[in-house]
Amino acid sequence: MADRPIGMFDSGFGGLTVARAVIDLLPAEDLVYIGDTGRYPYGPRPLAEVRQFARQIAWRLVKEHHVKLLIVACNTAAAAGLNDLATELPVPVVGVIEPGVRALVAATETGRVGVIGTVGTISSGAYQRAVDDTGATVDLTCAACPGFVEFVERGETAGDEVTVLAERLLAPMQQADIDTLLLGCTHYPYLARVISDVMGRGVVLVSSADETAFEVAGLLDALDLRRRSASDAGEHRWFSSGDVAWFADLGRRLLGPELATAERCTFADPLET
């Protein structure tokens, strides 16, 4: 069981921020990643539909790739169906929402914090509930940022257009005078420089990627699932439900040399598990 791979998925490229953190922290672990670029973005879709997609991909990773642990490396999918997956799947399931929230409330000094995410994630109330569950006394401001994911998926992470959009979408955060901002979408770290420029140096940006990797490491140790042959580098397989060449090219630029090639995966319609 310990020698099985870790599975993870996202609507596209955003989850590569989590994959990078996992590879860096757990270099011996094998990894299977599915980017559902054929059906991205998830953010504007109904949560019920995203829940179906998440269930479909999760079972693919369990049944075909025999993963030992699943990372839902997509905030919208985690908001839509993490609890259902954790109950239904025969392997441990880790999301990106709770680890990010814990880092958010730990980092603030003024207690005024913010979360940005997709329309689906913010409207689900998942972050609001997660912050409440910490018991921290903070004043939370949430804002949806439609368009950010599309810029990242096109490989446009800087420039006038994305800056103008960021200035408009981040205005509620500036008005709330927050001191800490959680990037509540795994795509958003690729826009961190633009977001930081708009928000100013006084605002700390928090990404859930590193915190999620630490949680995965702790869970593997607790369940005695860490790969035994720690001296060997893990193998990584990358799948895309869309344009494989585009996924490999942009993914390599975003993640690094570990994403040398990508493979095609398809999903039946109607949805199967």
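At 7 Å along the Cα-to-beta-carbon direction for both Ala217 and Arg201, put a label point, then send me their distance in nm to one decimal.
For Ala217 paired with Arg201, the spin-label model returns 3.0 nm.
Given C-alpha coordinates of region 133-182, what is the ratio Rg to Rh with the Kirkwood estimate of Rh?
That ratio is 1.07, to two decimals.
Evaluate the charge dipole of the chain about its Cα centre and quote only its size in Debye, nearest 20, assuming +1 on the Cβ of each Lys and Arg and -1 on the Cβ of each Asp and Glu.
260
Could you work out the Kirkwood radius for region 1-106, taking every pair of different alpha carbons, averaging 1/r and inverting it, reported in Å?
Here the Kirkwood hydrodynamic radius works out to 13.8 Å.
Roughly what percent of Cα-Cα pairs across region 34-168 reach past 22 Å?
Taking all Cα-Cα pairs of region 34-168, the fraction more than 22 Å apart is 45 percent.
Provide the FRET efficiency to the nearest 0.05 for the Thr87-Val164 pair, computing r from the beta carbons and using R0 = 35 Å.
FRET efficiency, Thr87 to Val164: 0.25.
Give me the three principal axis extents of region 97-208 from the C-alpha atoms, as integers in angstrom, largest value leading.
Sorted largest first, the three principal extents are 39, 27, 19 Å.
What is the spin-label model distance, in nm, from Trp246 to Arg228 if the labels are put 7 Å beyond Cα along the C-beta direction?
Going by the 7 Å Cα→Cβ label model, 4.4 nm.
Calculate how steeply helix 47-65 sits against the longest principal axis of the alpha-carbon atoms of the chain, using the helix alpha-carbon long axis, and give the answer as 0 to 90 degrees to the nearest 10.
The answer is roughly 30 degrees.
Rank these for me by crowding, Met173, Met8, going from fewest to most other beta carbons within 10 Å.
Taking fewest neighbouring Cβ atoms as first place, the list is Met173, Met8.
So the label point goes 7 Å from the Cα of His65 along Cα→C-beta, right? Which residues of region 203-225 then have their backbone N under 15 Å from it?
Answer for this model: none.
For region 181-257, treating each Cα as an identical point scatterer without solvent, what Debye log10 I(q)/I(0) comes out at q = 0.11, 0.12 1/Å?
-0.48, -0.57
Under 12 Å from a point placed 7 Å out from the Cα of Ala176 along the Cα-to-Cβ direction: which residues of region 184-210 have their backbone N that close?
Output list for this probe position: 184.
For helix 160-169, what angle does its Cα long axis make with the longest principal axis of the chain, in degrees from 0 to 90 and rounded to 10?
Relative to the chain, helix 160-169 is tipped by roughly 70 degrees.
When a footprinting reagent is the concern and you count Cβ atoms within 10 Å, what order do Glu49, Glu153 take, fewest first?
Least to most surrounded, the residues fall as Glu49, Glu153.
Per the helix-only calculation at 222 nm, which mean residue ellipticity applies to the chain, given -39500 (n - 2.57) for every DSSP H run of n ≥ 4 and division by its residues, nearest 500 deg cm²/dmol?
About -13500 deg cm²/dmol.
List the GluC sites (Glu not before Pro) in region 198-239 that DSSP assigns to loop (not H, G, I, E or B) and whose Cβ has at most 16 other Cβ atoms within 10 Å. Which are they?
For GluC sites (Glu not before Pro) across region 198-239 that sit outside H, G, I, E and B with at most 16 neighbouring Cβ atoms in 10 Å, the list reads Glu235.
None of the figures in this text is laboratory data; all of them are computed from the coordinates on show. Everything numeric in this text was worked out from a predicted model, so none of it was measured. Glycine also receives a Cβ, built like all others from the backbone with ideal geometry; neighbour counts cover every protein chain displayed.
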